[in-house]
Every structure is written in C-alpha cells, then in structure tokens.
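Asker: Encoded as structure tokens, here's the structure I'll be asking about.
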Amino acid sequence: MNTKSNTSWDKRDLRNALGSFGTGVTVVTSGNSQSRFVGVTANSFSSVSLEPPIVLWSLVSTSPSLEVFDETGRFVINVLALQQMDLSKQFSKNLEDKFAGVEFIEGLGGVPVIQNCVATFECKTIQRTVVGDHVLFLGQVENYVYTNKTPLLFCQGNYMQVAEALLSN
Ligand SMILES: Cc1cc2nc3c(=O)[nH]c(=O)nc-3n(C[C@H](O)[C@H](O)[C@H](O)COP(=O)(O)O)c2cc1C
C-alpha cells in the first residue's frame with residue numbers, strides 16, 4: 001500500500017491515485033459550423049441530478065478548446081463504445097482537425113453528435129465555475145439517446161473492457 005499524507009504531493013503520483021477510480025470514456029463536443037467544432041476526451045463526466053436532468057464534466061483551464069465551449073453555451077457528452085478507442089486517442093491529442101474521419105451529425109445548436117456511441121447527451125450549459133486548474137461545467141440535458149453497445153472503460157491509466165456482470169447478492 002502507498003500511504004500519502006502531506007501536501008508536497010507529486011502531481012503525477014496524485015493523478016495515479018485518482019486513476020484508481022475506473023470510469024467510462026467520453027468525448028465532449030461543442031461549437032458549430034459557423035465557429036469551429038471542438039472535442040475533448042474526458043472521463044470527468046458524472047450525472048448530478050435527475051429532476052431536472054443535470055450532468056457535469058471539467059476541462060483544464062489551459063485548453064485551447066475552452067473559448068468555444070464558453071461561446072457556444074452548449075456541449076454534447078458522447079459516451080464511447082469499446083470499438084471507439086481510436087476516437088478517445090484522437091480527441092485526447094492537440095490536433096489541427098480532430099474531426100477528420102469522424103462520423104457525426106449536427107444536433108441542437110449545430111453541436112456535433114458523434115455517431116455509433118453508447119449514449120449521447122445534448123446539454124445546455126447552466127453553470128460554469130473555475131475550480132482550481134479546471135473549469136467545471138454543469139449542463140442541463142435537453143436530448144439523449146442510448147443503446148446497449150459495450151462501453152469503453154478507463155482505469156489505472158489503461159483502456160479496459162467490461163468483464164462479466166457480478167451477482168450482487
Ligand atoms: C481517458 C482520458 C480522460 C481524460 N479526461 C479529461 C478531462 O476530464 N478533462 C480534461 O480537461 N482533459 C481530459 N483528458 C485530457 C484531454 O483529452 C487532452 O488534454 C486533450 O488534448 C484536450 O483537448 P484540447 O487540446 O482541445 O484541450 C483526458 C484524456 C484521456 C485519455
């Protein structure tokens with residue numbers, strides 16, 4: 001076991017510790033054809049409220065995509081399927097055109113909705129707060145679709161896939 005209890009933590013080490021918490025993988029998209037399209041691989045996505053339906057995610061403040069998320073006031077959470085690991089890699093790089101070869105339609109506000117995902121949630125930004133070195137976005141879900149495709153997972157710095165369901169009792 002690796003016990004840590006002081007404040008001179010190594011950032012990489014803290015990230016490793018936080019990475020113990022397994023998640024799904026999303027690409028959060030924004031922008032439209034009048035401005036530009038942006039998309040960022042993110043596993044900070046979480047559901048917050050059902051009534052009204054609210055979700056959150058956070059973006060590092062230095063992201064070149066931040067201004068587009070702010071200007072558009074909307075975002076789409078695209079939950080990636082196991083077969084979409086390439087998209088996760090593509091949208092986690094600082095590329096000139098992240099959407100090259102990506103199949104998408106323009107949804108509410110013209111924001112890209114990536115096709116063949118496990119689920120997509122089209123959201124309107126209702127709150128934006130700077131928290132430490134990230135910007136926290138809260139969005140109200142205005143439209144969603146989902147399928148029974150197998151999701152892509154991320155844990156301990158690796159892409160993973162769902163094993164068999166465990167019996168809980
Ligand atoms: C699995 C995974 C999860 C990530 N989650 C986040 C996240 O929640 N927030 C974030 O700002 N960056 C996250 N990143 C890093 C961004 O995807 C990466 O910095 C990307 O280049 C950001 O796009 P940008 O250059 O347009 O800002 C994640 C990367 C990976 C591989």
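Asker: Do any trypsin sites (Lys or Arg not before Pro) in region 118-168 lie in a DSSP loop with no more than 16 other beta carbon atoms within 10 Å, and if so, which?
Answerer: Answer by residue number: 149.
Asker: Could you run the Karplus curve 6.51 cos²θ - 1.76 cosθ + 1.60 with θ = phi - 60° over region 111-120 and give me ³J(HN,Hα) per residue in whole Hz, x for Gly and Pro?
Answerer: Couplings: 6, x, 10, 6, 8, 6, 7, 5, 7, 9 Hz.
Asker: Now for a separate question. Given a 1.4 Å probe and the protein chains all in place, what does the accessible area of residue 117 round to, in Å² to the nearest 10?
Answerer: Around 10 Å² of this residue is reachable by solvent.
Asker: Here is a further query. Need the C-alpha centroid separation for region 84-142 versus region 53-78, integer Å.
Answerer: 7 Å
Asker: With unit charges on the beta carbons (Lys and Arg positive, Asp and Glu negative) and the dipole taken about the Cα centre of region 41-169, which residue among 166, 47, 146 sits farthest to the positive side?
Answerer: Positive-end residue among those listed: 166.
Asker: Taking amide H positions as placed in the peptide plane 1.01 Å from N, state which residues far from residue 142 in sequence (5 or more) or on other chains have amide H under 5 Å from it.
Answerer: 122, 123, 124
Asker: Moving on. Once fully extended, how much extra length lies between residue 165 and residue 23, figured as 0.36 nm per residue of separation less the alpha-carbon to alpha-carbon distance?
Answerer: Numbers: separation 142, 0.36 × 142 = 51.12 nm, distance 1.57 nm.
Gain on stretching residue 165 to residue 23: 49.5 nm.
Asker: So what is the 222 nm mean residue ellipticity for the chain from helices alone, if each DSSP H run of at least 4 adds -39500 (n - 2.57) and you divide by all residues, rounding to the nearest 500 deg cm²/dmol?
Answerer: That calculation yields -3500 deg cm²/dmol at 222 nm.
Asker: Output the pairs from 98/124; 11/93; 4/93; 89/149 with a Cα-Cα distance over 29 Å in this structure; if there are none, say none.
Answerer: Pairs exceeding the cut-off: 4/93.
Asker: In whole Å, what are the extents of the chain along the principal axes defined by its C-alpha atoms, from largest to smallest?
Answerer: So the three principal-axis extents are 51, 40, 37 Å.
Asker: Oh, and also: Ignoring ligands, DNA and RNA, what accessible area per residue does region 24-150 give at 1.4 Å, in Å²?
Answerer: So region 24-150 comes to 52 Å² accessible per residue, rounded to a whole number.
Asker: Further question: Please return the longest range in the chain lying between exposed loop sites, taking chymotrypsin sites (Phe, Trp or Tyr not before Pro), DSSP loop only, at most 16 other beta-carbon atoms within 10 Å, and leaving the sites out.
Answerer: The answer is 22-169.
Asker: Once neighbouring chains are kept in place and the probe is 1.4 Å, which whole percent of the accessible area of the chain is contributed by carbon and sulfur?
Answerer: Result for the chain: 53 percent of the exposed heavy-atom area is carbon or sulfur.
Asker: Okay, moving on. When the chain is modelled as a GNM with alpha-carbon springs shorter than 10 Å, which of 43, 16, 94 fluctuates the most?
Answerer: Top of the fluctuation ranking is 16.
The values are calculated or read from the model by the stated rules, or taken from the named source; none is laboratory data. Keep in mind that this is a model prediction, so the values were computed, not measured. When we count neighbours, we look across all protein chains shown, and the Cβ atoms used for this are built from the backbone with ideal geometry, even at glycine. Remember, those area values only see protein heavy atoms, side chains included, never the ligands or the DNA or RNA. Shrake-Rupley method; radii C 1.70, N 1.55, O 1.52, S 1.80 Å.
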